[in-house]
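Undergrad: Got a structure here, written out as structure tokens. Questions coming.
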Amino acid sequence: MPISAPETRRQSSALAAALPAANPAVMLAALVSQTGELDRARGIAAELSHAFAKGGIVASLPEQPAAELKAWAERELAVREDVESGDAAVRRPELSDEVFAEVASWLVGWPVPVASSAFYKEQAGFTDFVESTAHPEADVSGVSLLVIGAGMGGIAAAVAAAKAGISCTVVEKADQLGGVWQRNTYPGVGVDTPSAYYSFSFEVNDEWSGIYPKGQEYLDYLNRVADQYDVRKDIRLGTTVTGMAWDDAAKVWEVRCERGGRAETIRANYVMTAAGYLTRPQVPQVPGLDAFAGTWFHSADWDHDYDFAGKRLAVVGTGCTSVQVVDALVDEVASLTLVQRQPHWVMPAAVDDEFAPEEVWLSTNVGHYALWNRLLTFLPISDTNYPVVRYDAEWAAEHDLSISAANDAVLQVAQGYLEESFADRPDLLERLRPNFAPFGKRTIRDPGNYYSALKRDTSTVASGLSELVPEGLVDADGKLHEVDVIVFATGFSLEYLADIEIAGRDGVLLSDVWAQSPSAYNGCQVPGFPNLFITSGPHASAAHGGGHNFTIEAVVHYLIESIRATAARGAASLEATPEAWQRWQQEVREQMADTIWAREKRATTYYRNSAGEVILASPLLMEDFWARLRGPVDDDMIFGG
């Protein structure tokens, strides 16, 4: 339907008003992908300069090329009917790998390898993460998939299965979808991965309110995706999986569930677990827990009826949740006691966290702007960060608090923020200074008032938790802190599928195979457990960058390609060979040996098990992990049936 002249004028006026807020590199990239005028753009791109600001890379132009870019944008982008109508060709332009890499390099000011174009195109949302090139002819119409968990992974799998023509059922034990974002509802809960990237690549959200959206905003996004892709009908809420067993004769999984007090069994050819690995709240088992006369609860089981006004609050823990809770409640309570076992390195708060209306308008109205902006956000937080977690023996020998030059750059930012914030409080400065290198445990971001909250006259930083008594808590130094309410922001137990009894071929239990040292080929498959795929598996989390959405989409793509590959062979099952699994484990051990998580023993972190073995983080480059999960390698698979 043609756009009317009045509407054209309104759009042109809005564009002119929004252009001053545009990142010139992003706008230039959007113009190239819409017009194809690469030579014209190169002249402007040569004048770009880049600086670190607002938590990322921001480009700028001198006055003359800026005016040229503005005039070009106003002529080309005033109103484009195909953009307004959501034309797929406009949303996903066809750019050669060479052109894409060149334009991508304009965003950040460093070369983007042509060989990485396919990887970055998918991460930005220019290509569909479930597209198949290996087995497009495979007949999967009779295949059934059961997904356990309706958080980010479950929703992505349901969407991908629908696109591939695979029958999918998602079971979720909670009464709503959303995973971690429906479970965690404490004050201040929010995303600590930049919003422009932390969404599905197939549904880039161009309406985020700020750089780091709050939990409810992200939960709203997940619900919107479920509705938009019509997968809510495939999700069975209030359904708890209690166990599952592989029927080798029938080549199906028999999954035992409970729903509304009734037991039922679901049979499916394939199962994907999307239940996460941090699901069981961890409350310190300290003496006197039942003796405390006040109120206590874990941050994941928030009591929304509790009135914090004028109360003496203690928060136990110093991780991301603790920081957000302290930031949100400090103005409401009479006093704050922060109980820390070990301080974290804290990065500065983002400046201008909220997006200006003009920025949101550009993302929602200028074709490709949101996709290029997503890529701009991803590039600095992807494998660019890999050197930060790699151990440099020569450097580490001469530096106590950093393991490499790249790691030291992060240290300087965090240490500078700490010293600047507590220059007038040397007592707190030393108490809050970590004794390990950054990324030894996850770095956290100040939401805005965390450090300042700890400096208040009504705030105390206590060292460790010894016991609870009726009046409050006793810290590790033996000092009593009288409080009315205690919030345990102490995280979750790292458990891979511990709540589900999974019996593979011949009744072998996954819990016995894994014991204290879980491992999965490509982070998602275990020999002896055919047609089982694990998201959020051991050694699958890119802890040096990116976001949870990266791993989810990589594994879901691999799942769909594996189902197609199996069907194309006329087989009914596939699993990794023991040799491939062992080779994977050896490679993980070798690459993990020189990571921050293996080398920095001073940091206490849930990345390691009780034996000190790193079982969570992936030691691979994100691009390498992504490449491995493009599809199954026949020689590494056993096809059955």
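The values are calculated or read from the model by the stated rules, or taken from the named source; none is laboratory data. These numbers were taken from a predicted model, which means no experiment stands behind them. With ideal geometry, Cβ positions are generated from the backbone for all residues, glycine too; neighbour counts draw on all protein chains shown. Areas reflect the complete protein model, heavy atoms only, side chains present, ligands, DNA and RNA absent. Shrake-Rupley method; radii C 1.70, N 1.55, O 1.52, S 1.80 Å.
Undergrad: Could you give me D for the range 283-391, from Stokes-Einstein at 10 °C and 1.306 mPa s, where the hydrodynamic radius is the Kirkwood radius over C-alpha pairs? Units µm² s⁻¹, please.
TA: The calculation lands on 87 µm²/s.
Undergrad: Using a cut-off of 14 Å between beta-carbons, work out the net charge of the residues near Val461 (Lys and Arg +1, Asp and Glu -1, Val461 not included).
TA: That sum, taken over residues with Cβ under 14 Å, equals +2.
Undergrad: If Arg183, Arg42, Arg583 are ordered by their accessible area, calculated over protein heavy atoms with a 1.4 Å probe, which sequence runs from highest to lowest?
TA: My answer, sorted largest first, is Arg583, Arg42, Arg183.
Undergrad: For Cα pairs less than 8 Å apart in space and 6+ apart in sequence, what is the mean separation divided by the residue count of the range 140-218, i.e. the relative contact order in percent?
TA: Result for the range 140-218 is 27 percent.
Undergrad: Right, here's the next one. Return the long-range amide H neighbours of Leu629 (sequence gap of 5 or more, or a different chain), with a cut-off of under 5 Å between placed amide H atoms.
TA: Close amide H contacts, sequence-distant or interchain: none at all.
Undergrad: About its Cα centre, how strong a charge dipole does the range 301-460 have in debye, to the nearest 20, once Lys and Arg get +1 and Asp and Glu get -1 at the Cβ?
TA: My answer is approximately 420 debye.
Undergrad: Related question: What percent do you get for the relative contact order of the chain when only Cα pairs under 8 Å and 6+ apart count?
TA: 17 percent
Undergrad: What is the set of long-range amide H partners of Ser541 at a cut-off below 5 Å, with H atoms built 1.01 Å from backbone N?
TA: Ser618
Undergrad: For the range 525-641, place one equal point scatterer on every Cα, skip the solvent, and apply the Debye formula. What is log10 of I(q)/I(0) at q = 0.10, 0.19, 0.21 Å⁻¹?
TA: Debye output, listed in q order: -0.33, -1.05, -1.21.
Undergrad: Averaged per residue, what accessible surface does the chain expose to a 1.4 Å probe, in Å²?
TA: Result: 40 Å² of accessible area for each residue.
Undergrad: Something else about it: How large is ³J(HN,Hα) for each residue in the range 582-596, as worked out from phi by the Karplus curve 6.51 cos²θ - 1.76 cosθ + 1.60 (θ = phi - 60°), to whole Hz, x for Gly and Pro?
TA: Coupling constants for the range 582-596: 5, 5, 4, 4, 5, 5, 4, 4, 5, 6, 6, 4, 10, 9, 4 Hz.
Undergrad: For a quick check: with amide H placed at 1.01 Å from N, whose amide H comes under 5 Å from Arg280's, ignoring anything fewer than 5 positions away on the same chain?
TA: Ser493
Undergrad: Hey, got a sec? Which GluC sites (Glu not before Pro) in the range 285-374 land in a DSSP loop and have at most 14 other Cβ atoms within 10 Å?
TA: In loop regions of the range 285-374 (DSSP not H, G, I, E or B), the sparsely surrounded GluC sites (Glu not before Pro) are Glu332.
Undergrad: Whole Å is fine, so just give me how far the alpha carbon centre of the range 189-231 lies from that of the range 546-575.
TA: 24 Å
Undergrad: State which entries of Lys54/Lys601; Lys311/Lys479; Lys121/Lys214; Lys173/Lys233 exceed 25 angstrom in Cα-Cα distance in the structure shown.
TA: Lys54/Lys601; Lys121/Lys214
Undergrad: So what is the diffusion coefficient of the range 394-518 in µm² per second by Stokes-Einstein at 37 °C and 0.692 mPa s, using a Kirkwood Rh over Cα pairs?
TA: D = 175 µm²/s.
Undergrad: For the chain, what does the helix formula give at 222 nm: sum of -39500 (n - 2.57) over DSSP H segments with n ≥ 4, over the residue count, nearest 500 deg cm²/dmol?
TA: -10000 deg cm²/dmol
Undergrad: For the range 366-498, what is the charge dipole size about the Cα centre, in debye to the nearest 20, if Lys and Arg each add +1 at the Cβ and Asp and Glu each add -1 at the Cβ?
TA: In total the dipole reaches around 580 debye.
Undergrad: Ignoring ligands, DNA and RNA, how do His50, His481 rank by accessible area with a 1.4 Å probe, largest first?
TA: Order by accessible area, largest first: His50, His481.
Undergrad: Also, I was wondering about something else. Please work out the C-alpha center-to-center distance from the range 449-524 to the range 240-286 and express it in whole Å.
TA: Computed from Cα coordinates, the inter-centre distance equals 24 Å.
Undergrad: What does the charge count near Tyr221 come to, summing +1 for each Lys or Arg and -1 for each Asp or Glu among other residues with Cβ under 12 Å from its Cβ?
TA: Here the charged neighbours net out to -4.
Undergrad: Tell me which of Thr443, Asn609, His544 sits at the most positive position along the dipole axis of the chain, charges placed on C-beta atoms (Lys, Arg +1; Asp, Glu -1).
TA: The residue sitting most towards the positive pole is Asn609.
Undergrad: Round to a whole angstrom and tell me the spacing of the C-alpha centers of the range 291-345 and the range 576-641.
TA: 36 Å
Undergrad: Now a separate question. Can you give the charge dipole size of the range 389-431 about its Cα centre, rounded to the nearest 20 debye, using +1 on the beta carbon of Lys and Arg and -1 on the beta carbon of Asp and Glu?
TA: 180 debye
Undergrad: Could you point to the residue in Ala300, Ala160, Pro287 farthest towards the positive end of the range 159-311's charge dipole, with +1 and -1 charges on the Cβ of Lys/Arg and Asp/Glu respectively?
TA: In the range 159-311, that residue is Ala160.
Undergrad: Apply the Karplus curve 6.51 cos²θ - 1.76 cosθ + 1.60, θ = phi - 60°, to the phi angles in the range 16-29 and return the couplings in whole Hz, x for Gly and Pro.
TA: 4, 6, 8, 4, x, 8, 6, 6, x, 5, 5, 4, 4, 5
Undergrad: Please identify the GluC sites (Glu not before Pro) of the range 462-492 that satisfy two criteria: DSSP loop assignment and at most 13 other Cβ atoms within 10 Å. Which are they?
TA: Taking the range 462-492 and a limit of 13 other Cβ atoms within 10 Å, no loop GluC sites (Glu not before Pro) are found.
Undergrad: Moving on to the next point. Going toward the positive end of the dipole of the chain, with +1 on Lys and Arg Cβ and -1 on Asp and Glu Cβ, which of Val555, Ala275, Met347 do you reach last?
TA: Value: Ala275.
Undergrad: Please list, in order along the range 401-417, the HN-Hα scalar couplings obtained from phi with the Karplus expression 6.51 cos²θ - 1.76 cosθ + 1.60 (θ = phi - 60°), rounded to whole Hz, x for Gly and Pro.
TA: 10, 8, 10, 6, 5, 5, 5, 5, 4, 5, 4, 4, 5, 5, 5, x, 5
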